[in-house]
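K.L.:
I am attaching a structure below and will ask some questions about it afterwards.
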Amino acid sequence: MTEVGEGRTRRERLRAGTVEEIKQAALGLIGEHGSANLRFTDIARSLGMTAPALYRYFADRDELLTALVADSYHSLSDELTATRSTLPAEDLDGRFLAVCTTYRTWAQRNPERFALIFGSPVPGYAAPEEGPTVVAARRAMEHLVELVTDTAERGRFGSVPVPDAEEAMLLAWATVHGFVTLEAYGHLDKLDRQARDRLFTVQARVAARTAGLAPAPGQD
């Protein structure tokens with residue numbers, strides 16, 4: 001008799017568990033050696049499997065990378081969603097700073113995922129033009145777009161040298177992302193944690209103003 005749990009058969013659950021083990025092993029290897037050196041043989045060895053056995057779960061390395069990239073974007077988006085839900089919609093400044101802070105802490109806790117989606121391109125790999133990575137990336141980036149849009153709709157969108165909300169979001173993200181990247185790759189290690197926290201808060205507020213997110217009355 002087929003065992004069923006949570007809508008899936010026992011075989012499906014076992015397969016899903018193995019897929020997750022493969023992904024975690026791949027992330028571990030990316031953390032140690034970088035994504036450019038990810039090989040099926042190394043993943044299989046770390047799991048006590050043969051390399052051909054991996055092809056029962058992923059067609060090739062690119063399919064595995066696509067799954068990892070999509071998972072990473074969804075992981076980031078899930079944390080951003082949780083952060084936004086903790087603050088009232090009218091607290092635009094608080095929500096923007098909270099989202100930026102979550103972006104930073106996610107990068108700190110997930111260095112291999114951060115490097116995979118925001119680091120140097122993996123040689124020989126090209127993400128599908130339409131597919132899971134694109135959907136996941138849009139989901140993650142829409143958080144900042146929505147914050148900028150909310151600001152405009154509430155009449156708190158100030159002067160900004162770009163024509164629309166999406167470009168304003170990109171301007172804000174580039175400012176915050178620059179700091180997060182420098183920190184992720186150790187370029188700010190000479191500063192202690194308190195100094196980095198202080199500078200990041202200033203950077204996030206600069207990003208908000210540069211993108212046209214005017215402060216609430218009395219908060220300028």
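The values are calculated or read from the model by the stated rules, or taken from the named source; none is laboratory data. Fair warning: this is a prediction, and the values are worked out from it, not measured in the lab. Neighbour counts run over all protein chains shown; Cβ positions are idealised from the backbone, glycine included. Accessible surface is based on the protein model in full, side chains and every heavy atom, while ligands, DNA and RNA are left aside. Shrake-Rupley method; radii C 1.70, N 1.55, O 1.52, S 1.80 Å.
K.L.:
Taking the options Thr102, Thr81, Thr86, Thr66, name whichever one is in contact with a Gly (Cβ under 9 Å, 6 or more places away or on another chain) and within 27 Å of Arg138 (Cα to Cα).
P.N.:
Thr66
K.L.:
Could you say which residue among Thr86, Thr101 is polar (S, T, N, Q), in a helix (DSSP H, G or I) and over 19 Å from Gly17 (Cα atoms)?
P.N.:
Answer to the selection: Thr101.
K.L.:
All but one of (1) open to solvent by less than 50 Å² (accessible area, probe 1.4 Å); (2) more than 19 Å from Pro128 (Cα to Cα); (3) not in a helix (DSSP H, G or I) hold for Val19; state the number of the condition that does not hold.
P.N.:
Condition (3) is where Val19 drops out.
K.L.:
Hey, any hits in segment 51-68 for a residue that's aromatic (Phe, Trp, Tyr), surrounded by 14 or more Cβ atoms within 10 Å (Cβ to Cβ) and assigned to a helix (DSSP H, G or I)?
P.N.:
no
K.L.:
So, of the residues in segment 24-48 that are out of contact with any helix residue (DSSP H, G or I) (no Cβ under 6 Å at 6 or more places or on another chain), over 16 Å from Tyr125 (Cβ atoms) and assigned to a helix (DSSP H, G or I), which turns out to be most open to solvent (accessible area, probe 1.4 Å)?
P.N.:
The residue in question is Arg45.
K.L.:
State whether one or more residues within segment 130-140 are over 22 Å from Ala107 (Cα atoms), modelled with pLDDT under 80 and either aromatic (Phe, Trp, Tyr) or open to solvent by 50 Å² or more (accessible area, probe 1.4 Å) (or both).
P.N.:
Within segment 130-140 (the criterion being over 22 Å from Ala107 (Cα atoms), modelled with pLDDT under 80 and either aromatic (Phe, Trp, Tyr) or open to solvent by 50 Å² or more (accessible area, probe 1.4 Å) (or both)), the answer is yes, since at least one residue qualifies.
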